[in-house]
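As structure tokens, the structure follows; a few thoughts come after it.
What follows draws every value from the coordinates through simple rules; no lab data is involved. Because the structure is a prediction, the values reported are computed rather than measured. FYI the Cβ positions are ideal-geometry reconstructions off the backbone, even for glycines, and counts take in every protein chain you see.
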Amino acid sequence: MRLIDVHGHYGKWPFPIRERDADGLLRLMDEAGIEVCLLSSALAIVYDMREGNRRLAEAIAGRARLRGYVTVNANYLGESCEELDRYLDMEGFVGVKIHPSYQGRSAASAENLGLMEQVAKRGRPLLIHTMGEGAVRETFEVARRFPELSMVLGHGGGDAWELAAREASGVGNVYLEFCASHCEYGKVAEGVRLAGAEKVMFGSDLDLISPHFVKGMYEAAGLSAEARALVYRANAMRLFNLSGE
Amino acid sequence: MAALLRAMQENDIDRALTCSLKGVLYDFTEGNEETLATCAGDRRLVPVGTIDPRRALGCEEQVVRLAGRGCRAFRFFPNEQGWPFDFLPFLRVVARIEEADGVVFVPCKASGAATELLRLLGGRALAVVLCEVGYWNFAEVLACGREAPRFHLETHLLDTPEALEMAAEVYGEGRLLLGSNAPETTPGPAIAMVRASRLSEPGKAGVLGGNVARLLGMQNAAD
């Protein structure tokens, strides 16, 4: 089955990871059996939102297997709205990304709530980096406040994944993906059981993390064929309105 | 134990280096006895001794005792026990392990740890296995590998694209050892990384078992 990866990146890392251009990412995806990857710009997350989004737009243009998240930053509400308006109608962009940790504004901070209101108005899903119990609780607070905003919790809450999975089962607009370096035994299997297979997606964090590694974590879950079809592909296709092969 | 054996079975793992948590968190003599007894009853489990150097009493004797009973692997847990590598009681134990032709397994997750281990242990004539290395300190571990020919790398957190290939360029395929941290974490991702890598086929077999078998003088994992 060809996978849809809802958590990828475009850009450089301050670690021993060879730089990949768009074609390099496609080769990595081919090796791991990933059909489509949804990317956010590493540059936009850690340093320059506008330049990062611009480079991402250039990278995904004309490459249907690479889709984009517009990265926005609660510290710059006006500029973030401009970025949303610049890219969300552009072919290839399918969602919005925020990283509360790097941006120094927690999910339910006043700054982020203002930004979430703007994201929700535009009707596209949000990928939000979510690590730890506090972040999970705040993110669900946001999800309940904006039920029209579909949210994918990047990393599925990290070490608070059980809490996130339990909560997700009862909050219709929240989805999870579980990429991480630390792969607790049984996390994906139990996460799917708690949240429901219709609430979990595949995310790899490429090319910070190898998709082979994260795929190994998902494969170890021993999911049923029905659950695999949802988790690896169908849920993301539906949420992000993707068309497959 | 049931959780470890289940993780091994689910991931087609033939043998696992095994250490009692009791020896880590409570008492290493009792823990090591538990490890030896458990492993003696199950050929899939290879005993790993542990010593808490804070105790001082009986630490060096424990090395001799374990070595005499066929245990060659010694794993240390400074993070759980709260002591630094630059700690004379630890270094004295390591000297006894070197005399016993043992192998030292140490955590190397924090920035600076590899450099410190290179300074403290790099010149010794014993194999040192750096465990829990991840992308955050990989550059440092690669740099140290160039200077310490007896350092080895445990791979379960080497999760970046081509991490194993880069590690092999410095350490050689023969100094990479599969780890899993099971049953706390699942072995599947680390195994998938080896299988998907561009290491040679003999190199992959080495990482998946041959290298540690050679290092510890075990019968090959496939035997």
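Quick notes
- For B:LYS204, the aspartates and glutamates whose Cα comes closer than 18 Å to its Cα, not counting residues fewer than 8 places off in the same chain, are A:GLU31, B:ASP12, B:ASP14, B:GLU154, B:ASP159, B:GLU162, B:GLU165, B:GLU169, B:GLU173, B:ASP223.
- Candidates B:PHE28, B:PHE151, B:PHE85, ranked by Gaussian network fluctuation over chain B, Cα under 10 Å, top entry: B:PHE85
- Candidates A:HIS129, A:HIS212, A:HIS155, ranked by Gaussian network fluctuation over chain A, Cα under 10 Å, top entry: A:HIS212
- Take every pair of alpha-carbon atoms less than 8 Å apart whose residues are at least six positions apart; their mean separation over the length of segment A:3-239 yields a relative contact order of 18 percent.
- From the Kirkwood radius over Cα pairs of segment B:13-107, Stokes-Einstein at 20 °C and 1.002 mPa s returns a whole-number translational diffusion coefficient of 163 µm²/s.
- Note: relative contact order over segment B:13-107, using C-alpha pairs below 8 Å and six or more positions apart, is 26 percent.
- Separation between Cα centres of segment B:100-156 and segment A:53-129, rounded to whole Å: 41 Å
- Residue of B:GLU132, B:GLU60, B:GLU30 that the Gaussian network model of chain B assigns the largest fluctuation, springs spanning Cα pairs under 10 Å: B:GLU30
- Karplus (6.51, -1.76, 1.60) ³J(HN,Hα), θ = phi - 60°, over segment B:153-170, in Hz, Gly and Pro reported as x: 10, 8, 10, 5, 10, 7, 10, 8, x, 6, 4, 5, 5, 5, 4, 5, 4, 8
- Expected 222 nm ellipticity per residue - DSSP helices of 4 or more, -39500 (n - 2.57), all of chain A, to 500: -12000 deg cm²/dmol
- Considering only alpha-carbon pairs that sit under 8 angstrom and 6 or more positions apart, the relative contact order computed for segment B:118-215 is 24 percent.
- Within segment A:1-40, backbone nitrogen closer than 17 Å to the virtual label 7 Å beyond the Cα of A:ALA64 toward Cβ: A:2-5, A:26, A:30, A:34-38
- When each of A:LYS215/B:LYS22; A:LYS12/A:LYS97; A:LYS12/A:LYS121 is checked by Cα-Cα distance, pairs over 25 Å: A:LYS215/B:LYS22; A:LYS12/A:LYS121
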